[in-house]
Amino acid sequence: MKTSALTIAACAAAISQTVAFTTSPSLSITRTITASPQPASSAALNMFSGGALDIEEEEDDEKRTQMEQYAKAMGMSVEEYQLGMNARVKMETAINDLRVIGGDAANGVTVERDGNMPPRHLVVTVTDDGKAKGKEALEGLIVEALKSAADKSKVGRDQAQKDMMTYISDSMKKMGMNG
């Protein structure tokens, strides 16, 4: 079965469980994500959990059959499905590991964040110099630092998506698939 790199990338990115592309106006300083058991009827979530990425190493026929069903439901071969899931995991890791800094330490305000939107990692640093500028000026500096960090984060997310597309394209060539 021949699936284009764009189709694999779209499936991998669109169904990702990450919050990398959600648009929520809230910011959180810390966020804990815990895995909970999924009911067997929740095929849409299980299908894209990435839990069966190494199915070739598994000798569990049930997992192999399940992955084949997921791939078939998406109109892909098992290899294409695995490629999409591997690409999704790589992109999520790149976005989670991304660290950008906005603001200016000389003005007393910096913001460090990851590539997720909203961020899972967010550190706002206000020094005594920043506090000395007064409430209104400090609020403005914080807003500017947050915006700057968000803009840099978007650039990082975009780069992670481009890298995912390159990974898929290169992998498809190595596997002998036409993209």
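Starting from 0.36 nm per residue, how many nanometres of slack lie between LYS173 and THR125 once their C-alpha separation is accounted for? Please report the intermediate quantities before stating the final value.
Details: separation 48, 0.36 × 48 = 17.28 nm, distance 4.59 nm.
12.7 nm is the gain from fully extending LYS173 to THR125.
Put a dot 7 Å past each Cα toward the Cβ at THR93 and VAL143; how far apart are the dots in nm?
In this crude spin-label approximation the distance works out to 4.0 nm.
May I ask you to derive the FRET efficiency for GLU136 and ILE101 from their Cβ-Cβ distance with R0 = 22 Å, giving the value to the nearest 0.05?
Values: r = 23 Å, r/R0 = 1.06.
That gives a FRET efficiency of 0.40.
Can you flag which of LYS133/LYS162; LYS72/LYS173; LYS131/LYS154; LYS90/LYS133 are past 32 Å Cα-Cα? Each step should come with its number before you reach the end.
Details: LYS133/LYS162 41 Å; LYS72/LYS173 22 Å; LYS131/LYS154 28 Å; LYS90/LYS133 42 Å.
As for pairs spanning more than 32 Å Cα to Cα, those are LYS133/LYS162; LYS90/LYS133.
Of all trypsin sites (Lys or Arg not before Pro) in region 61-115, which ones are in loop regions per DSSP and have a Cβ with at most 15 other Cβ atoms within 10 Å? Mind showing how you got there, number by number?
Working: sites: LYS63, ARG64, LYS72, ARG88, LYS90, ARG99, ARG113; in loops: ARG99.
Within region 61-115, the qualifying trypsin sites (Lys or Arg not before Pro) (loop, at most 15 other Cβ atoms within 10 Å) are ARG99.
Using just the C-alpha positions of region 85-171 as equal point scatterers, what log10 of I(q)/I(0) does the Debye formula give at each q in 0.14 1/Å?
Log-scaled intensity ratios, in q order: -0.53.
Computed from the coordinates by the stated procedures, all read-outs in this text should not be read as laboratory data. Computed from a prediction, not measured in an experiment: that's the story for all the values here. With ideal geometry, Cβ positions are generated from the backbone for all residues, glycine too; neighbour counts draw on all protein chains shown.
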